[in-house]
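Inspection log for the structure reproduced underneath, given as structure tokens.
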Amino acid sequence: MALWGGRFQGEPSALFKLFNDSLPVDYRLFEQDIQGSMAWADAIASVGIISRDECAELKQALQQLLADVQHQPEIIVASGAEDIHSFVESALIAKVGDLGKKLHTGRSRNDQVATDLKLWCQSEGSALIVRLQQLIQALLALAERELDAVMPGYTHLQRAQPVTFGHWALAYVEMFERDIGRLQDALTRANTCPLGAGALAGTAYQIDRHALAAALNFDSPTLNSLDSVSDRDHVIEIASASSISMMHLSRMAEDLIFFNSGEANFISLSDQVTSGSSLMPQKKNPDALELIRGKTGRVYGSLMAILTTMKALPLAYNKDMQEDKEGLFDLVDSWAICLDMAALALSGLKVNRDNAYKAAQQGYANATELADYLVAKGMPFREAHHVVGEVVVYAIGNNQAIEELSVEQFQGFASVISQDVYQHLTIEACLAKRDVLGGTAIKQVQFALAAKRPK
Ligand code: ARG
């Protein structure tokens, strides 16, 4: 039975009920609705709306309902209630009769759903932070294992300069650390309790909203009732933080898909995260990583959906806002599983060191070193850049690497080049020279890794 039958003479159509009900989505707020209801029972007992005994009885029944659902989760959706709040209230009335009808005194589903959703965001948000930390641990372990494995670094997807695999992994650690920061910021701003805002104007009872907020582990109560029931910034901020993080996951997935390709062959993914082809027996496809890249699209979609739903909504609550949950739940689920999957893919991957090293030797990745060498011999950098460009064209024409040219060949381009040039053209020299904070020299990567480890 709906909670609002009195004013109505006719029944809602079956189509309207199907369209309007949110239980198939918001059943996930069950525990938060129980938690909020218990705190509300205390709040209305404290102002004498119900007695202490009635309060105890209500809370016990709510506790019992929690146990019932844990035992038989399917009873929620099977109830056919309009939404999770209606389900909890009806189930409570079924347990304690008329006393159950008192719980909603001074409360509205508008402040109730806002509270439930914020509680849900806090608990899921903390779980997401743990997952992000686990992914960072997987990257740190990989960075440690492959600290000095050499591979080509790219710009424009052209081999640019050699880097180490450890350096690559630590780049993503920086990104996921910022993602944690963004999520924490969003959760801090969302740490306010809307309960007591009523439908829109504030509850008519002298509830201590500070005590109520504290009982629900919020930092503080919200300060304006209109804002309290109509604010969904926290949903948007979480969607935004997750979209940015999915963008990072997707870039990492794309790097690994490329590194794993037959063309690059810098890494091999483990059998745990790859699948085969139904037709081509030789194939081992990077499906886990492709799905991470693919799911990024649906997370962005949820961000756009909630932004668009909220746009131009008049104050205060509007039913449009019921559309906030499906996208939020989906993006949180998608983000969570992608974080776990990425950690699994990283922990099992093998670096094909010889291949990656050979690739770093090709593509004239030491051209900058030759230019720096000329600079050290007194040539202005711009001129050195030009000379080395000519050397590269010549070497490509001759099908030689730069370091394969003889001193005589070099001297055709710049007379200052002598035998000592070769020591500057090795991969080891290229790496060792990037010995600056944030650089790819092995010493710097070790330093960066140590800084990430707990002291
Ligand atoms: N199911 C609704 C939602 O998710 C709960 C609030 C309903 N409030 C109302 N006044 N109809 O938004």
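Annotations
- Derived scalar couplings between HN and Hα for the range 385-399 equal 4, 5, 4, 5, x, 5, 4, 5, 4, 5, 5, 4, x, 8, 6 Hz in order, rounded to whole Hz, by the Karplus curve 6.51 cos²θ - 1.76 cosθ + 1.60 (θ = phi - 60°), x for Gly and Pro.
- Relative to the longest principal axis of the Cα atoms of the chain, helix 52-71 runs at roughly 50 degrees.
- R0 of 45 Å, Cβ-Cβ distance Asn318-Lys443: FRET efficiency to nearest 0.05: 0.15
- Projected label distance in nm at Gln206 and Leu344, using a 7 Å step from Cα toward the beta-carbon: 5.8
- With a cut-off of 14 Å on the backbone N, the residues of the range 128-158 near the modelled label site 7 Å out from Asn217 along Cα-Cβ are 128-130.
- Principal-axis tilt of helix 442-452 within the chain, Cα atoms, nearest 10 degrees: 10
- Close Lys pairs in the range 230-358 (alpha-carbon distance under 19 Å; sequence gap of 8 or more, or different chains): 6.
- Nearest 10 degrees, 0 to 90: helix 233-260 Cα axis against the chain principal axis: 30
- Between Gln282 and Gln184, the C-beta separation translates, for a Förster distance of 45 Å, into a calculated FRET efficiency of about 0.50.
- Pairwise label distance in nanometres, Ser13 with Asn224, each label 7 Å out on the Cα-Cβ vector: 3.9
- Per residue solvent-accessible surface (Å²) - the range 154-257, probe of 1.4 Å: 43
- Residues whose amide H falls under 5 Å from that of Ile267, counting only those 5 or more places apart or on a different chain, are Asn260, Asn352, with hydrogens built in the peptide plane.
- Between the exposed loop cleavage positions of the chain, defined as GluC sites (Glu not before Pro) in a non-H, G, I, E, B DSSP state with at most 16 neighbouring beta-carbon atoms within 10 angstrom, the longest gap is 264-455.
- Ligands, DNA and RNA aside, Asp271 has an accessible area near 120 Å² when probed at 1.4 Å.
- From phi via Karplus (6.51, -1.76, 1.60), per-residue ³J(HN,Hα) for the range 143-158 in Hz, x at Gly/Pro: 4, 5, 5, 10, 3, 10, 6, 9, 8, x, x, 10, 10, 6, 6, 10
- Per residue accessible area of the range 399-455, 1.4 Å probe, in Å²: 58
- Using a probe of 1.4 Å on the protein chains alone, the accessible area found for Thr308 is around 90 Å².
- Solvent-accessible area of Asp148 with every protein chain in place, 1.4 Å probe, in Å² to the nearest 10: 70
- Taking all protein chains together, Tyr172, Tyr27, Tyr317 sort by accessible area into Tyr27, Tyr317, Tyr172, largest first [probe 1.4 Å].
- Around Ile236: net Lys/Arg minus Asp/Glu count, Cβ-Cβ under 12 Å: -1
- Computed from the Cβ-Cβ distance with R0 of 41 Å, the FRET efficiency linking Arg298 to Arg453 stands at 0.70.
- Amide H contacts of Val163 (H built 1.01 Å from N, under 5 Å, at least 5 apart or other chain): Met151, Gly153
The values are calculated or read from the model by the stated rules, or taken from the named source; none is laboratory data. All values reported here derive from a predicted model rather than from experimental measurement. All Cβ positions, glycine included, derive from the backbone under ideal geometry; neighbour counts span all protein chains shown. With ligands, DNA and RNA removed, areas are computed over all heavy atoms of the protein, side chains included. Shrake-Rupley method; radii C 1.70, N 1.55, O 1.52, S 1.80 Å.
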